Amino acid sequence: MDIELARTLAGPAGAEAIAAAAALPDPDSLSAAEAMRAAFAPDLAAAALTQVSLRARARRKLGERADRLLWTPDSVEQATRAAVSRWRAERLRAAGITRVIDLGCGAGADSLACLDAGMEVTAVDVDPATAELAVHNLPGARVLCADATRVAAELTAGADERTCVLLDPARRTARGRSWRLEDLRPGWGFVQDMLVGPTSAVVKLGPGTPTEVLPRRNEAVWVSERGEVVECGLWRLPGGGPGRAALLLPGGILVRADPDAPALDVCPPGRFIIEPDGAVSRAGALARIGPGLWRLAARVAYLSGDEPVSGPLADCFEVLVELDARPAALRAWVRANRIGVLEIKKRALDVDPAALRRRLRPSGPNRATLILSPTIRGARAFVVRPLRAGA
């Protein structure tokens, strides 16, 4: 999108066109495109229809608020979920932060949450069209179109820990989304500089960032929302220190790893298999789930025990049957037990659950859950019964 079209979208003509596009029964249809081109200039008609589509995608992250914002495809993908943005802004406010410099603001989801929390916000994006849309999205913020690496020193000059640099490096290349640190823009060196500067800092990284490369001097918090790990954040706050933690939303449960906890033993499967929340696993906080647990295999997050566990940190499954993990053995069991609905969970095995389900050809009135995992006895499959909270 060029900047002139962005300015038009952010103005009255853009609002009129987007409202017209949203009112169409099927904005993605050919007839919708024809109706829009009959009423608006071709580029504005196409952009308005695109906004309707992007808002529908953004609504999954921000709810109805997404319909008041303007988007680019990249900013929708990069946008932080509303619950995560609110939690981050509240934590900054509780730490005494009064000013936020959002480097790489995109559509401005994090900046919006900081404005809601009463902080002063300067938002920066290198893309002219994205910055123009951010002006529309962030009333009350100062928005700059600039390269973060060139303006960071000026924006933080004379600042102290009450100012926080919020940095969300782009993680896309021509090949698509990337988890490699060398693909970050701004680069990893700039990220590290921000984490040791005079200000506070929060850096949003992908959840798959290798833990061994994260600086030990900063706190790392893995965030999951409704069981899905969505980011790893690096924090430097007044009075804060190093550590590893997991945040579970929407409950707001923050679980800190104990660096002195002994490594869990690796033993044969017990009566129960425990599936930790992904953020708890990545933060190294498995010992917080409960006593007397062990791993099914080294470096595999599935745990086991002879007593059930409950709570928000993990799901617990009672083992009903243990099977050979080869497809032929699983297919025989599925057929013998007339399994028609089959859930397949797996860790650390080169298995595509959807492809395996097709090979097993489930058919019948019954349902089952399979867990596939390496064990010290090799790859095994477990027929399990989920235990609900309080069971």
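FYI, it's all coordinate maths here, none of it is from the lab. Every value quoted in this text rests on a predicted model; they were computed, and no experiment measured them. In this analysis, Cβ positions are derived from the backbone assuming ideal geometry, glycine residues included, and neighbour counts consider all displayed protein chains.
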Can you order the peptides 112-123, 9-20 by their average number of other Cβ atoms within 10 Å per residue, highest first? 112-123, 9-20
If you take the charge dipole of the chain about its Cα centre, with +1 on Lys and Arg Cβ and -1 on Asp and Glu Cβ, which of SER373, ALA348, LEU330 is farthest toward its positive end? LEU330
Would you work out if the chain is rounded, prolate or oblate? Take a ≥ b ≥ c from the square roots of the eigenvalues of the alpha-carbon gyration tensor; rounded if a/c is under 1.5, else prolate when a/b is larger than b/c, oblate otherwise. oblate
Percent of beta bridges antiparallel (DSSP, the chain, rounded to nearest 5): 55
Segment CYS267-GLU212, length gained on full extension (0.36 nm per residue, minus Cα span): 17.2 nm
Where the centroid of each part is defined by its Cα atoms, how far is region 1-58 from region 286-327 in Å? 50
Classify region 3-71 as rounded, prolate or oblate, taking a ≥ b ≥ c as the square roots of the eigenvalues of its Cα gyration tensor: rounded when a/c is under 1.5, otherwise prolate if a/b is larger than b/c and oblate if not. oblate
Per the helix-only calculation at 222 nm, which mean residue ellipticity applies to the chain, given -39500 (n - 2.57) for every DSSP H run of n ≥ 4 and division by its residues, nearest 500 deg cm²/dmol? -9500 deg cm²/dmol
So the FRET efficiency between ARG256 and ALA13, C-beta based with R0 = 51 Å and rounded to 0.05, is 0.50
Spacing of the two label points (7 Å from each Cα toward its C-beta) at ARG37 and ALA354, in nm: 3.3
I'd like the Karplus ³J(HN,Hα) series for region 354-363: coefficients 6.51, -1.76, 1.60, θ = phi - 60°, whole numbers in Hz, and an x wherever there's a Gly or Pro. 5, 5, 5, 4, 4, 5, 7, 6, x, 7
In debye, nearest 20, what is the charge dipole magnitude of region 154-275 about its Cα centre with +1 on Lys and Arg Cβ and -1 on Asp and Glu Cβ, if you could check? 300
To the nearest Å, what is the center-to-center distance of region 340-383 and region 120-137, using C-alpha atoms only? 47
What distance in nm separates the simple spin-label points at ILE376 and GLU322, each placed 7 Å from Cα in the Cβ direction? 1.1
Ranked packing of 97-103, 364-370, most packed first, by mean Cβ within 10 Å: 97-103, 364-370
